[in-house]
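As structure tokens, the structure follows; a few thoughts come after it.
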């Protein structure tokens, strides 16, 4: 059995753009970096998922500077990169085949955003039979509007989405649990 | 172009079991029934998704009475049924191929539960390129505990999940919008 893969989802500079609005968990990047350094120090497997947006105004488009990984999360030799154009890390690429070929069963997921790409990728990973630990304090999301136009706090969105995922699709853990 | 398919997710008697706890939106079934009758009256396509749980204590197991469809949602001749054992209606069966073979692009989704099977199926449908309308008032979910053990109200879970889905994976609409 291989060691759990650290799967970093959309840790890209485009999410620093003010267009996304108010975010929760400013410590998310520091926690991702701790996990990444820990995984590298142990020689454990690491996979980076990079979003190639097809939206006209997204800073995550491949032709935009924001498509680049955050500096601390820049992949190094031996780390796999898979790209995607939708929320799920498992649609439109060979991630699932790659994991199965390498006999990777256990995944540790971190990244952005909790309720969009992280949630969708965690759900599909769990439903495809992978064993997922989702690191809640190494994820974050942004304020959104509800259907009546009321602002919803990012921390509340984050809390409720983690609660819906935990025990059904994954186990939600903390950075401290893993380092 | 074919008319939008009405996709009913897990409208099964097992969700009436008290084990699930407090639910929101007691009108969900009446709205599902309105939509189902409308679709049947127009001769539009209808697909039923039936959950075959593999959990030891689930009332939705195939060997349990709760696996049966709700009476009002019992499929009739000409309506397709796909079964699943996980949350996503698109994993472990031929639903995607069936939709593509029949040139069904537009989906109208209703069912249970908003934040588990409905959300997961809506996310995958949108990410696979289908055009999804999710009928918010024809879905429902149950109270859950957050990671600190605090009870979260089903209506709040429902509201926040619909907000995260709307505009990203689907359009959230009402029964009245469609009937």
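Answer yes or no: is there a residue in the stretch B:44-65 that is under 20 Å from residue B:133 (Cβ atoms) and more than 15 Å from the chain's Cα centre (by Cα). Steps first, answer last, please.
Kept after step one, since they are under 20 Å from residue B:133 (Cβ atoms), are these residues of the stretch B:44-65: B:44-49.
Next, from what is left, pick out any that are more than 15 Å from the chain's Cα centre (by Cα): B:44-45.
Yes, that holds for at least one residue.
Rundown of residues vs (1) away from chain B (no Cβ under 14 Å); (2) without any contact (Cβ under 8 Å) to a residue 60 or more places away in the chain, yes/no style:
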| site | (1), (2) |
| --- | --- |
| A:73 | yes, no |
| A:79 | yes, yes |
| A:82 | yes, yes |
| A:85 | no, yes |
| A:89 | no, no |
| A:94 | yes, yes |
| A:98 | yes, yes |
| A:103 | yes, no |
| A:115 | no, yes |
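May I ask you to say which residue of A:57, A:17, A:115, A:106 is in contact with a strand residue (DSSP E or B) (Cβ under 9 Å, 6 or more places away or on another chain) and surrounded by fewer than 16 Cβ atoms within 10 Å (Cβ to Cβ)?
Details: A:57 fails: in contact with a strand residue (DSSP E or B) (Cβ under 9 Å, 6 or more places away or on another chain); A:17 fails: in contact with a strand residue (DSSP E or B) (Cβ under 9 Å, 6 or more places away or on another chain); A:115 fails: surrounded by fewer than 16 Cβ atoms within 10 Å (Cβ to Cβ).
Result of the check over A:57, A:17, A:115, A:106: A:106.
Quick grid of which residues meet (1) touching a strand residue (DSSP E or B) at 6+ places or on another chain (Cβ under 9 Å); (2) at pLDDT 95 or above; (3) surrounded by fewer than 14 Cβ atoms within 10 Å (Cβ to Cβ):
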residue	(1), (2), (3)
B:34	yes, yes, no
B:42	no, yes, yes
B:53	no, yes, no
B:63	no, yes, yes
B:66	yes, yes, no
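Got a number for residues in the stretch A:125-157 being touching a helix residue (DSSP H, G or I) at 6+ places or on another chain (Cβ under 6 Å), under 19 Å from residue B:160 (Cα atoms), more than 10 Å from chain B (Cβ to nearest Cβ) and buried (at least 17 other Cβ atoms within 10 Å of the Cβ)?
Here the count works out to 3.
The values are calculated or read from the model by the stated rules, or taken from the named source; none is laboratory data. Because the structure is a prediction, the values reported are computed rather than measured. A quick note on method: Cβ atoms are made from the backbone with ideal geometry, for glycine too, and the neighbour counts reach across all protein chains shown.
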